[in-house]
Amino acid sequence: MEIKLREWGEMIIPWLLTHGMRIVIIIIAALLLNQILSRIIKKTVRVAVIKHETGSLEGEQRRENTLIRIFNGALRITILTIALLMILQETGLEIAPILAGAGIVGLALGFGGQYLIRDIITGLFIIIENQYRIGDVINVDGTGGAVEDISLRMTTLRDLNGTVHHIPHGEVKRVSNLSKNFARVNLDLGISYNSNLEKVIRVINETGIELAGDPAYKEFIISPPKFLRVNEFADSAIVVKILGDTKPLKQWEITGELRKRLKIAFDKEGIEIPFPQRVIHQPNS
């Protein structure tokens, strides 16, 4: 038993001192290289990304963070693959047949991987053209939500119900970005036909200016919500349109607060927000 242990020790110790140390060095070098190149990528992207004149600082930061995340992901896969191959070679395995086999498998998969290639190419154009970024709220062919992740192959959305949607880039036909550069309050409001329209316009504009001056909301409002036009003569109401510009992702919060303040102001000024009514004429018997 002691002889076998001695023999094992004579075999393992030299291997650990040679190949084992090389494996440790490879792992440490891979980790250090990943950290160094990740920092270089981060600094390079921050410098290289061209700022759009109409873009917000927050939007540009989201774009940069998206690019950094994608490049770092590709970097980690590359370093991991190279390190793994080097470690396999140190363990005594011949990597040449593995590489040759991987090439054959890759060629075979290539004929069936057309959809994957399409997803990756489309993903590259989405990233290069800055169509949307992590943190944006988008609508993809009827599916809407906040962008949680973007890879070269797919985009991950989380909708208002908390449901996560994974959308391959090759399936994307139309994207609507609800949070790029600026957003807009777009509110249609019905008022009674008996209302004084000039008074309604004054109350709407005053309420919008008051909201834009509120310290809790003024940093989110680019232009105060105001009366735009009479949009429709509906069955039971005159529908007026109110528009105003906000910071990205703040349009829903500002619109909700505007609705609340308009209801309070209308009640105070005696302006009626009507509900559908039907007049029934009963013939005399």
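The values are calculated or read from the model by the stated rules, or taken from the named source; none is laboratory data. Nothing here was measured: the structure is a model prediction, and the numbers come from that model. Cβ atoms come from the backbone with ideal geometry, glycine included; neighbour counts cover every protein chain shown.
Annotation note: of Leu228, Leu262, Leu258, the sole residue that is modelled with pLDDT of 90 or more and in contact with a Lys or Arg (Cβ under 6 Å, 6 or more places away or on another chain) is Leu228. Residues that are surrounded by 13 or more Cβ atoms within 10 Å (Cβ to Cβ) and closer than 23 Å to Gly92 by Cα were ranked within the range 25-40; the one that is farthest from the chain's Cα centre (by Cα) is Ile26.
Across the range 129-163, the qualifying residues are those that are in contact (Cβ under 8 Å) with a residue 24 or more places away in the chain, hydrophobic (A, V, I, L, M, F, W, C) and in a loop (DSSP other than H, G, I, E, B), and the one among them that is nearest to Phe71 (Cα to Cα) is Leu152.
A single member of Ile271, Ile201, Ile209, Ile242 is in contact with a Gly (Cβ under 9 Å, 6 or more places away or on another chain) and at pLDDT 90 or above, and it is Ile242. Evaluating His166 against the criteria (1) modelled with pLDDT of 90 or more; (2) not in a strand (DSSP E or B) leaves one unmet condition, (2).
When Leu5 is tested against (1) modelled with pLDDT of 85 or more; (2) surrounded by fewer than 10 Cβ atoms within 10 Å (Cβ to Cβ), only condition (1) is not met. The residue that is surrounded by the fewest Cβ atoms within 10 Å (Cβ to Cβ), among those in the range 143-182 that are of a type in the set (Gly, Ala, Ser) and either over 23 Å from Ile254 (Cβ atoms) or in contact with an Asp or Glu (Cβ under 9 Å, 6 or more places away or on another chain) (or both), is Gly162.
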